[in-house]
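Below is one structure; the comments refer to it alone.
The values are calculated or read from the model by the stated rules, or taken from the named source; none is laboratory data. Source: prediction; values computed, not measured. Cβ atoms come from the backbone with ideal geometry, glycine included; neighbour counts cover every protein chain shown. For accessibility, only protein heavy atoms count, side chains too; no ligands or nucleic acids. Shrake-Rupley method; radii C 1.70, N 1.55, O 1.52, S 1.80 Å.
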Amino acid sequence: MATGDVALGQQAASASVHDASKRVVNDFSIQVATVNGSGSQSANSVLLKSIFGMGIPVSGKNLFPSNIAGLPTWYTIRDSKYGYVARKKEIDILIAMNAETAKEDILSLPSGAVAIYEDAQNLKQYRDDVACYPVPFDKLTAAVCPEARLRKLVKNMIYVGVIAQLLSFDMTAVEAALRRQFSKKQKAADLNWAAVQAGYNYAAESFTKHDPYVLERMHATEGKIIIDGNAAAALGAMFAGVTVVTGYPITPSSSVVEQLIDYLKKYRIEADGKSTFAVVQAEDELAAVGMVLGAGWSGARSMTATSGPGISLMAEFAGLGYFAELPGVIFDIQRVGPSTGLPTRTAQSDLLSIAYLSHGDTKHVMLLPGSVKECYEFAIAAFDLAERLQTPVFVVSDLDLGMNNWMSEPFDYPEKPLDRGKVLTAEDLKRLGEFGRYKDVDGDAIPYRTLPGTDHPKAAYFTRGSGHNEKALYTERPDDYQNLMERLNRKFETVRTLVPAPIVAQTGKSKVGIIAFGTSDFAVIESRDQLKKEYGVETDYLRIRAFPFASEIHEFVASHDRVYIVEQNRDAQLLSLLKLDLPAAEIVKLRSIRHFNGLPIYARSVTDEFVLQEGII
Amino acid sequence: MATTTATPTPAPKVNRLGLPILDYRGGKTTLCAGCGHNAISERIIDALYEMGVQPERVMKLSGIGCSSKSPAYFLSRAHSFNSVHGRMPSVATGALLGNKTMTALGVSGDGDTASIGMGQFVHLMRRNLPLIYIIEDNGVYGLTKGQFSATADIGSKLKTGVINDLPAIDTCSLAIQLGATFVGRSFSGDKKQLLAMLKAALAHKGTVMLDVISPCVTFNDHEGSTKSYAYVKEHDVVLHTADYIAGGREIVVDYEPGSVHDVELDDGSHVLLRKLDVDYDPTDALGALRIIHETADRGEFVTGLLYVDTQDRDLCERERLIPTPLAHLDEESLRISREDWEKLMQ
Ligand SMILES: Cc1ncc(C[n+]2csc(CCOP(=O)(O)OP(=O)(O)O)c2C)c(N)n1
Ligand code: SF4
Ligand SMILES: [Mg+2]
């Protein structure tokens, strides 16, 4: 990751509107304000992929309402020559396509920004410190699109053309991105390309550029791919050999299962039309997870994907899975709080509820991907771990990672064979004579299991919740229960050594550390650069990738004076989990930086809070 | 070893697999003596033994309740899963998708099914999962000490004198409406009928829903209860006598022509339903619903094979699953090739 020069961007933002001589190259953000249901996704995707095609690091975020049509939606694209992919709070270029919000949208721009909008709207009256480019969208659309019913969609491509001209996009990259977007529909591609050109030509003829923003070709995206976290997770699940998939639709997790179905249909149907997988749309999340555990019990690799409300419903089964030691993989694509309101906004706020989901003494394994590549890799790891450990494994992602497009190094073909865990066959039993389902034979507290149908009279055992001894016989004896609980606890110690270790960036020069997980990583990376550049402060950084916490985390906290825990929730959930795990001498070192307004965390918020708490200014 | 005694003990009776009935038994029951659930366990043992089902090829699934404990009391040589209250159908669905070659027996109670488990129950019926789903129906929550369940009839009285004033949920009508393909009602006290129905159930390929009235001697076997032994015996309207004829065996019909309904099951076996008072066609769903309602209105229970459809595809067929159980697929059949992978990554 390159170091950042944020001050440059800020200067540019406050530069005079008419002073286009101060060029801002490859370091700004574009926001498209639309109405949901207006079909702007294709246009936005073409914009993102055109910039990517020009070799410039880029990220895109869809801020959308929980609604099918008619409410405001914003799509933000950030290009950054430094490779920063976190959200940037300031909008440099606004494309105001939503008349309802246009006034508010333009009023929220920083001075020196750019606004592109429908001619008739006369937004210029609100800001004379913003570079305005009014466009007669409807007129231009009508000219290229005789079919009235398609105009609403095609109109979006006009702004692609306008912005391409204003920012000096490489038009071969735009056309390539557009043709790829409509690869299966030649006619649609031609129509949309005509619209892009109409926008481009209009801008070329009508505007004199009076803003500083331009794109220039780079070579920073070569060999990279663009994918969303949910597709990456789905790919990982397919690679892990998932066979039973269940789900109950819920944003932002539905696309995990939907994309997985597409992959499975493509790659896992035999020549005779028979499938090596089953997908069930369950009646609710209780059933979804019940099916997962039933399938895991029978020996199949099984998964479901959900979000917070579904996690709540899965609570009872999660506990059973823990006690009865059943494998299964549950993807949680986190979103904000319960019920109606902000279900389409991002958060990292399910951590505490998953860690101890259910009643009784339970705790669960969580994998915490911090990139689309990790969505893929941890999906594969989750299936191995679930069977190795015989317990439900949660892969905890979020809306920002799951539903947005991210650049990534291509994923690697998995070299590691599948780990199916400790399963005894009929032959094993013939040799052993018998087995104790819940006996710790190897000292790692992980017992052996048999699968239903194993052809040996001693293979069967009785699966139930809390009341079982080492032989899986019913018991309510205090010592049996306590033995079970202690072994499960020891098993959790084994888990620590098997889950993905944290990533540590140690400068060796700092007594101050930062800890984060998941999508907070992008903001922390940028914030550390800001702290160094702007304040001369070096920080060390550890990114947690799993719960239970690996020993490196203790060492990291022990070796620093103060450690800031950065996370996207109100109650400092990661910090709370760390408190339960760390010795008292380390707990006092922990400080909290939180971001919880439903939008992805951005670097400046981390930097400002850090500086404040450190008393730097 | 002792030397041989004068009278050699006769070889134990065995079934077609050469297994004695002992191999179908389970742990000693901890349910109350006389509990209907125990009688049902006995019939399950008989049916599996007589049908010659390999014990290891069975999986037992249950929810929570006295009834749901009962899988511990039969067929110890089969894997068993005592899950959570009302959610056995989902566990069974997963388990069967994982291994569709198993014979799956689900045991539930009326509380487990008709209250907390209603959501999963109705969806199970729709999916036609190849599962034998038995409701051990006593009209109360036995394990939590006798509260009314949702199958309690209007006017039925608890020991405490409380009278149920809510309409009963009829699980058989529901199952028929929702597309279950084998629906029957029986009584734990009717050995012959229950055994024949269980055997037929084992030969059916989709979901079997058996509601077996199974009196709770501790909380619901008194005067005033409509689920007591005495009441049920008195008000049992037996539709037909059922005889199960294994596949391949010649059917010798010595009944009057027209008096027998012959249902051919998936494995080529037959149930012969000998008509009693009523003329009954178990392939007529509307007729089934009518007789259930008519008898219920009179305060009676109709028992027998109420509805059967041997044509519908089961869930595994609809999912077009390969013959090998999904649980047995190895890495080679699960992982895509490197070439496909490279294309995918472009
Ligand atoms: C989530 C949950 N709620 C409540 C209970 C308590 N509970 C245990 S068994 C039972 C009722 C069982 O009734 P039924 O299914 O009719 O079985 P029976 O004991 O009558 O055979 C209840 C409510 C539970 N185990 N789990
Ligand atoms: S309480 Fe009732 S249902 Fe439970 S075991 Fe006793 S008799 Fe059977
Ligand atoms: Mg009951």
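Suppose accessible area is computed on protein heavy atoms with a 1.4 Å probe; arrange B:K343, A:K184 from highest to lowest.
From most accessible down to least: A:K184, B:K343.
Chains B and A: how much accessible area gets covered up at their contact, both sides added, probe 1.4 Å, in Å² to the nearest hundred?
About 4900 Å² of accessible surface is lost on pairing.
Tell me the Kirkwood radius of region A:80-223: reciprocal of the mean inverse pair distance over distinct alpha-carbon atoms, in Å. If you can, show how the numbers build up before the last one.
Values: mean 1/r = 0.0615 Å⁻¹.
Averaging 1/r across every pair of different Cα atoms and inverting gives 16.3 Å.
Using 1/(1 + (r/R0)^6) with R0 = 22 angstrom and r between the beta carbons of A:A69 and A:S183, what's the FRET efficiency to the nearest 0.05?
That pair, A:A69 with A:S183, gives E of 0.25.
Over the heavy atoms of B:H37, what accessible area does a 1.4 Å probe trace out, to the nearest 10 Å²?
Rounded to the nearest 10, that gives 0 Å².
Expressed as a whole number of Å, what is the distance separating the alpha-carbon centroids of region B:269-346 and region A:564-587?
Between the Cα centres of region A:564-587 and region B:269-346 lies a distance of 51 Å.
If you build a Gaussian network model of chain B, linking Cα atoms that sit under 10 Å apart, which residue out of B:E223, B:E331, B:E42 swings the most?
B:E331
Using amide H atoms built 1.01 Å from N in the peptide plane, name the residues 5+ places from B:V238, or on other chains, whose amide H lies under 5 Å from its own.
Placed amide hydrogens put B:T303 under 5 Å from B:V238.
How would you classify region B:1-123 from its alpha-carbon gyration tensor, with a ≥ b ≥ c the square roots of the eigenvalues: rounded for a/c under 1.5, else prolate if a/b is greater than b/c, otherwise oblate?
prolate
Once the Cβ-Cβ distance between A:Q482 and A:V441 is put in as r, and R0 is 25 Å, what FRET efficiency do you end up with, to the nearest 0.05?
The computed FRET efficiency comes out at 0.80.
With θ set to phi - 60°, apply the Karplus curve 6.51 cos²θ - 1.76 cosθ + 1.60 along region A:118-131 and write out the HN-Hα couplings as whole Hz, x wherever there is a Gly or Pro.
5, 2, 4, 7, 6, 6, 4, 4, 7, 9, 9, 9, 10, 6
Per DSSP helix of 4 or more residues, -39500 (n - 2.57); summed, then divided by the residues of chain B. What does that give at 222 nm, rounded to the nearest 500?
-8000 deg cm²/dmol
Relative contact order for chain A: what is it in percent, counting Cα pairs under 8 Å that are at least 6 residues apart?
Result for chain A is 12 percent.
Let me make sure I get this right: for region A:426-498, a, b and c are the square roots of the gyration tensor eigenvalues over alpha carbons, sorted descending. Under 1.5 in a/c it's rounded, otherwise prolate if a/b > b/c, else oblate. Which is it?
It is oblate, given that a/c is not under 1.5 and a/b is not larger than b/c.
Is chain B best put as rounded, prolate or oblate by its Cα gyration tensor, with a ≥ b ≥ c the root eigenvalues, rounded for a/c under 1.5, and otherwise prolate when a/b is larger than b/c, oblate when not?
It comes out rounded by the Cα gyration axes.
Which whole-Hz ³J(HN,Hα) couplings does region B:259-265 yield from phi under the Karplus relation 6.51 cos²θ - 1.76 cosθ + 1.60, θ = phi - 60°, glycine and proline marked x?
Going residue by residue, I get 9, 10, 9, 9, 10, 8, 9 Hz, with x marking Gly and Pro.
Can you give the local net charge around A:Q197? Use residues other than it whose beta-carbon is closer than 11 angstrom to its beta-carbon, Lys and Arg +1, Asp and Glu -1.
Numbers: positive: none; negative: A:E175, A:D190.
That works out to -2.
Given the C-alpha atoms of region A:385-449, compute the convex hull and give its volume per residue in Å³.
Expressed per residue, the convex hull around the Cα atoms of region A:385-449 is 141 Å³.
Under a 10 Å cutoff between Cα atoms, tell me which one of B:L61, B:L194, B:L31 has the largest fluctuation in the Gaussian network model of chain B.
B:L31
At a threshold of 8 angstrom on Cα-Cα distance, excluding pairs fewer than six apart, so keeping six or more, what relative contact order does chain B reach in percent? Mind showing how you got there, number by number?
Values: 704 pairs, mean separation 53.3, N = 346.
Rounded, it is 15 percent for chain B.
Heavy-atom accessible area of B:L178 with all protein chains present, probe 1.4 Å, nearest 10 Å²?
Roll a 1.4 Å probe over it and B:L178 shows about 50 Å².
Can you check what the Kirkwood hydrodynamic radius comes to for region A:458-617, Cα pairs only, in Å to one decimal?
Computed over Cα pairs of region A:458-617, the Kirkwood hydrodynamic radius comes out at 17.8 Å.
At 1.4 Å probe size, with the rest of the protein present, what percent of the exposed accessible area of the protein assembly as shown is carbon and sulfur atoms?
Taking all protein chains in place, the protein assembly as shown shows 52 percent carbon and sulfur surface.
Would you look at the GNM of chain B, springs on alpha carbons closer than 10 Å, and say which of B:L329, B:L289, B:L174 moves the most?
Of B:L329, B:L289, B:L174, the Gaussian network model singles out B:L329 as fluctuating most.
Which value in Å is the Kirkwood Rh of region A:29-165 over different Cα pairs?
Kirkwood hydrodynamic radius for region A:29-165: 15.3 Å.
How long is chain A along each principal axis, judged by its Cα atoms, biggest number first, in Å?
Largest to smallest, the principal-axis extents are 87, 64, 41 Å.
For a quick protection proxy, order the peptides A:251-257, A:86-92, A:546-552 by their average other-Cβ count within 10 Å, most packed first.
Answer by packing, highest mean first, reads A:251-257, A:86-92, A:546-552.
List the lysines whose Cα sits under 26 Å from the Cα of A:K81, skipping any in the same chain fewer than 8 residues away.
Counting by Cα, and skipping residues close in sequence, A:K81 has these lysines nearby: A:K22, A:K49, A:K61, A:K89, A:K209, A:K224, A:K373, A:K532, A:K533.
For region A:485-541, taking Cα atoms only, what is the radius of gyration to one decimal and the Dmax to the nearest whole Å?
Final numbers for Rg and Dmax: 16.2, 51 Å.
How large is the helix-only mean residue ellipticity at 222 nm for chain A, computed as the sum of -39500 (n - 2.57) over DSSP H runs with n ≥ 4, divided by its residue count, in deg cm²/dmol to the nearest 500?
-12000 deg cm²/dmol
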